[in-house]
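Chemist: My questions all concern the structure below.
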Amino acid sequence: RKAESGDAAAQCELGCRCYCGDGVEQDFAQAVEWYKKAAKQGYDEAQYNLARSYEDGEGVEQDYSEAVKWYEMAAKQGNAAAQYNLGCCYKEGTGIKRDDAAAVEWFERAAAQGNVKAYYALGCCYEDGEGVAKDSEEAVKLYKRAAEQRNVDAQYNLGLFFFKGIGCDQNYI
């Protein structure tokens, strides 16, 4: 009832239930309709979910530029997952012109909120010097933060850095 009366949080929640088939029949297209209603009211979680639907082509035709549009709206409101995903779009040139510096900016915003994937992505940027000056010590710090939160890719990269002594003292243990 709340969703039908225009409550954005309820609309987003109903969209999530339609997406997952939780208490209702799974219906991606119906999920998108509920996400759109909430997203147009500025509800960042719905904007993020709508962006993912466009990116994945679930419930709508796949449209990367539309995904970027909705990620950006949610990201500007401080949604860390949207900030990370928007950074990925810039990094890969998906739906928008590739821009490593913009990718780093969005990864930094997401990492500042504790987004583990963003720590790892930033570590990669510092390791390779993409969008920032190459800095192995900073890459190690970022990989450590992600590794401590069980990001296996960061754990692997951190192990290689210690094994080779890149950005840190060599350590085989």
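The values are calculated or read from the model by the stated rules, or taken from the named source; none is laboratory data. Worth saying up front: this structure is predicted, and the values here are computed from it rather than measured. FYI the Cβ positions are ideal-geometry reconstructions off the backbone, even for glycines, and counts take in every protein chain you see. We work out accessible area using only protein heavy atoms, side chains counted, and drop any ligands, DNA or RNA first. Shrake-Rupley method; radii C 1.70, N 1.55, O 1.52, S 1.80 Å.
Chemist: Regarding the stretch 3-43, what's the average projected area of the Cα-atom convex hull, expressed in nm²?
Modeler: It is 2.3 nm².
Chemist: Shifting gears a bit: Would you mind checking the tilt of helix 100-111 against the longest principal axis of the Cα atoms of the chain, expressed as 0 to 90 degrees and rounded to 10?
Modeler: Relative to the chain, helix 100-111 is tipped by roughly 80 degrees.
Chemist: Under a Cβ-Cβ cut-off of 15 Å, what is the net charge of the residues other than residue 96 that fall near it, where Lys and Arg count +1 and Asp and Glu count -1?
Modeler: Counting the neighbours of residue 96, the net charge comes to -3.
Chemist: So how strong a dipole does the chain carry about its Cα centre when Lys and Arg Cβ are +1 and Asp and Glu Cβ are -1, to the nearest 20 debye?
Modeler: Once rounded to the nearest 20, the dipole reads 340 debye.
Chemist: For a test of understanding, tell me how many lysine pairs in the chain have Cα atoms under 15 Å apart, given they are 8 or more places apart or on different chains.
Modeler: Final tally of qualifying lysine pairs is 8.
Chemist: If DNA, RNA and ligands are ignored and the probe is 1.4 Å, what is the ranking of 156, 71 by accessible area, most exposed first?
Modeler: Heavy-atom accessible area, descending, gives 156, 71.
Chemist: Could you work out the Rg to Rh ratio of the chain, with Rh taken as the Kirkwood radius (inverse of the mean 1/r over all Cα pairs)?
Modeler: 1.09
Chemist: Would you tally the net charge around residue 165, using a Cβ to Cβ cut-off of less than 15 Å, leaving residue 165 out, and scoring K and R as +1, D and E as -1?
Modeler: Result for the neighbourhood of residue 165: -2.
Chemist: Okay, moving on. Taking only Cα atoms, what is the 0 to 90° angle, nearest 10, from helix 80-92's long axis to the longest principal axis of the chain?
Modeler: Long axis of 80-92 versus the principal axis of the chain: about 70 degrees.
Chemist: Right, next: With a point put 7 Å past each Cα toward its Cβ, work out how far residue 112 is from residue 133 in nm, to one decimal.
Modeler: Each label point lies 7 Å from its Cα, and together they span 2.1 nm.
Chemist: May I ask you to evaluate 6.51 cos²θ - 1.76 cosθ + 1.60, the Karplus curve with θ = phi - 60°, for each residue of the stretch 11-19 and list the ³J(HN,Hα) values in order in whole Hz, giving x for glycine and proline?
Modeler: 5, 5, 4, 5, x, 5, 5, 5, 4
Chemist: Tally Lys/Arg at +1 and Asp/Glu at -1 over every other residue whose Cβ is under 11 Å from the Cβ of residue 27; what's the total?
Modeler: With Lys, Arg at +1 and Asp, Glu at -1, the net is -2.
Chemist: So what's the angle, to the nearest 10 degrees on a 0 to 90 scale, between helix 44-56 and the longest Cα principal axis of the chain?
Modeler: Orientation of helix 44-56: about 80 degrees from the principal axis.
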